[in-house]
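Read-outs throughout are calculated quantities, based only on the coordinates presented, and are distinct from any laboratory measurement. No experiment lies behind these values; they were computed from the predicted model shown. Please note: Cβ atoms are built from the backbone with ideal geometry, for glycine as well, and neighbour counts cover all protein chains shown.
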Amino acid sequence: MPTTTYTARPIDPRALKELRTTDDAGRPTTHFTDPEGGAPLRCCLRRSEPGERIALVSYAPLRRWAAETGAAPGAYDEQGPVFIHAEECGGPAGTALPFTNAHRTVRRYSAEGHILGGELVWTPDAVDQTCTEAFEQALAEAFDDPAVALVHVRAVEYGCFLYEVRRDQRDAR
Ligand SMILES: [Zn+2]
């Protein structure tokens, strides 16, 4: 396997600050205590623990990215539900790719913010490949296409956004 340094990007602190008050659908954010834990937190890229204060907000990842890059995604812009900590938090503890233990889709976007395709990433059957390696391979394949600027990793069943990976982060070592 080639060594790659793909970085899963959590929602950035400035966006989190806004989302903790008003979400990307314009709704006021309500916080609650998570009774069971297990919610995939997009601020810390880990699952919540029982008793943590969290919020479920609508988030527009492509719109937020486009605001930074000047892209015009047009109709490709969309928003969906994500869990975040209710209060300011420390962000991810490590650099390992998170949420790799289930089937995911890797959706590819151009620099203009248009969808170029998607790929289903399976948890591997082969004993010689770990989940992380399967993800690294899917990301490598996506960025092999020079037109791909950004990918979203999403849950398969609900289509929920989990995190983004940008091309520039692979090249910046
Ligand atoms: Zn957090």
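Enumerate by residue number the GluC sites (Glu not before Pro) in the stretch 4-65 meeting two conditions: DSSP loop (anything except H, G, I, E, B), and at most 10 other Cβ atoms within 10 Å of the site's Cβ.
The qualifying sites are 36.
Using Cβ contacts closer than 10 Å as the measure, can you line up 11, 115 from fewest to most?
Going from sparsest to densest Cβ surroundings: 115, 11.
Of the chymotrypsin sites (Phe, Trp or Tyr not before Pro) in the stretch 114-168, which ones lie in a loop per DSSP and count no more than 10 other C-beta atoms within 10 Å?
158
Below 8 Å, C-alpha to C-alpha, sequence gap of six or more: please give me the relative contact order for the chain in percent. Mind dumping the intermediate values first?
Numbers: 335 pairs, mean separation 40.2, N = 173.
Answer for the chain is 23 percent.
Mind checking the full-extension length gain between residue 32 and residue 67? Use 0.36 nm per residue of separation minus the Cα-Cα distance, one decimal, nm.
Contour length minus the Cα-Cα distance gives 9.6 nm.
Starting from the Kirkwood radius over alpha-carbon pairs of the stretch 13-85, derive D by Stokes-Einstein at 4 °C in a medium of 1.567 mPa s and give it in µm² s⁻¹.
Rounded, D is 100 µm²/s.
Multiply the residue gap between residue 140 and residue 22 by 0.36 nm, knock off their C-alpha separation, and tell me the result in nm, one decimal place.
38.9 nm
Which value at 222 nm does the chain reach when only helices count, each DSSP H run of 4 or more adding -39,500 (n - 2.57), with the total divided by all residues and rounded to the nearest 500 deg cm²/dmol?
On the way: 4 runs with 35 residues, N = 173.
Taking each H run of at least 4 residues, the total per residue is -5500 deg cm²/dmol.
With Kirkwood's inverse mean 1/r over C-alpha pairs for Rh, give me the Rg to Rh ratio of the stretch 104-171, two decimals please.
Expressed as Rg/Rh, it is 0.97.
In 10 Å bins starting at 0, how do the alpha-carbon pair distances of the chain split up by percent?
10, 38, 37, 14, 1
Using alpha carbons only, how many angstrom separate the centre of the stretch 63-113 from the centre of the stretch 143-165?
Cα centroid to Cα centroid, the span is 8 Å.
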